Each structure stands twice: as structure tokens, then as C-alpha cells.
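Structure first, then comments.
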Amino acid sequence: MTNERRVLVHPDKEALTASVAARFLTKTIDILDDQGHANIALTGGTMGIAVLEAVNASPARDTIDWSKVHFWWGDERFVPRNDPDRNELQAREALLDHIAVPPENVHPFPSSDEIPDIDEAASVYAAELEAFGHEGWPVPKFDITFLGVGPDGHIASLFPDRPGIREDKASVIAERDSPKPPPERLSLTRPVINSSDRIWLVLAGSDKASALGLALAGASYTEVPVAGAKGRKRTVFFVDKDAAVDVPENLIAPSY
């Protein structure tokens, strides 16, 4: 399988989330049939959580043996465990609390009330990743990594022209001065994200059109971080029509 990028355009946000949810369920079944387990990295944000809600609402939800699936996060706001801003809390409410996934299969970033020092929290999550490492990599083999994209082109908590997007040694970074609140965040680094077999980016709205257009045009990833997202097997931009206004027709794929 090649690692080409492709763009799939949907008429609106509702069709987009339903399509991604259906594709996720189908692909997870394929992955489990092929290798017996799966590692999924989740994202937060409006669309990331909407996809999880659509998975939860799907009649096919319980066709998955969730005991064989491990869930991780691409980034997290460094706030207390029960803070509504936490991606983990939103994901639990949207999907994880409704499926038969063992607690030990859910791997959230540490919260600020558990580990107040953000550098220590980054080290703890790096150690958790390494405990599930594969083939010499200090991280799991992520089968699917979901990413949202900010209007500025940021992915996870890797922001334009910030040290985090350039980090290529650590698996986890501590971001202390995010341009988007809250200021303190934890994030996987770009090499870890790009070690994923599949990166699925979910974008909706005209405010994402510029970032998507720049990414596909080959912008510098330090200036437009989404331009640097590339999975080992496949990178797919699932977008709505509003986000796709700057995408050349020849880059739009008819199907996955």
C-alpha cells in the first residue's frame, strides 16, 4: 500500500462524521481480523468528538471486540482530570463510557491534579508509550491516528513556529505557552504521529480551508504543521465542502 495523501469531500458536517465513523468501524474490524489487536490515537475538538458520537450511535458499534482495542491520545490539555476541557473526558462521554473496553486499554495523558509538574507528566506518558513499544520503537504501532486541524494549521498541540513542531527526539512534549487556551498542554511529537500506519484528519468549515490548501501545496511543516502529517501507509483528509474550497480537483479522491 502506498502512503499517498488523499482528500475525501463530503457535503456537510453530518455526512462527514457519519462517513468517518462508518469507515473507522469497518477498518477496525479489518485490523482486528488481520492482527488481533489495534492501537487508536484519538483527538479532541468539535469534529473529533462528533466522530466518536457517531461511532457510538452506529448500529455497527457492538460488532467490534473492544477488548482488543487500545485507545491513546494525540494531545491533551494539562488541566485537572474532571475538567470539561480534557479531551479524555469528552471522549469518554462520547464513546468510551458506552463500549466494553477494559479500563487498562484506555491510556489518557496524566492530569495536572495527578502530576502537577508538566515535564514529569510528559515523561510518565512517554514511559507508558514505551511499555507498548514495537520493533524497537518507543511507542505502540498506531493503526489509526485521528487529527483535527486548527485554522492556523496546528495538529495535536504542535503549533506553527513553536519548538514542539521541530522536536524529533522525544515522543512527548510539554507545551507551556500554547497560542490557544489553555496554555499548558501535552502532545505526541511529529515523528510519533507519522509512525502511525494511517493518519485520518477530519476538517470542517471554511476557516480550515486555507490550512488545508497550504498543506496540500507543500508548505513548510514548521509554519503549517499539518503539512508535515504523513502516515506510513495512508494519510486521508476527510473534509466537508466548506473546508475543500481551495483543494485542486485532481487531488480529490472519489473514495477511500
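The values are calculated or read from the model by the stated rules, or taken from the named source; none is laboratory data. Note that the structure is predicted; figures quoted are calculated from it, not measured. Heads up, the Cβs are rebuilt from the backbone with ideal geometry, glycines too, and the neighbour counts pull from every protein chain shown.
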Any idea which of A215, A229, A204, A244 is at negative phi and in contact with an Asp or Glu (Cβ under 9 Å, 6 or more places away or on another chain)? A204
Residue satisfying condition, being surrounded by fewer than 20 Cβ atoms within 10 Å (Cβ to Cβ), hydrophobic (A, V, I, L, M, F, W, C) and more than 19 Å from D207 (Cα to Cα), within set L52, L32, L42, L8: L32
Of all residues in segment 17-43, which are of a type in the set (G, A, S), closer than 26 Å to P84 by Cα and out of contact with any Gly (no Cβ under 7 Å at 6 or more places or on another chain)? A18, A21
Does P183 satisfy the criteria of being part of a loop (DSSP other than H, G, I, E, B) and over 16 Å from G228 (Cβ atoms)? yes
Going through segment 31-50 in order, the residues found to be more than 23 Å from P140 (Cα to Cα) and touching a Ser or Thr at 6+ places or on another chain (Cβ under 6 Å) are A50
For residues that are within 30 Å of A217 (Cα to Cα), small (G, A, S) and in contact (Cβ under 8 Å) with a residue 60 or more places away in the chain, tally how many sit in segment 1-60. 6
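Of all residues in segment 55-108, count the ones that are part of a helix (DSSP H, G or I) and surrounded by 15 or more Cβ atoms within 10 Å (Cβ to Cβ).
16
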Among residues belonging to segment 1-49 that are β-branched (V, I, T) and in a loop (DSSP other than H, G, I, E, B), point out the one that is modelled with the lowest pLDDT. T2
Give all pairs with beta carbons closer than 7 Å in which a residue from segment 98-109 that is without any contact (Cβ under 8 Å) to a residue 60 or more places away in the chain and within 21 Å of A54 (Cα to Cα) meets a residue that is assigned to a helix (DSSP H, G or I) and among the hydrophobic types (A, V, I, L, M, F, W, C); count only pairs at least 6 apart in sequence or on separate chains. I99/W66; A100/W66; V101/W66; V106/L96
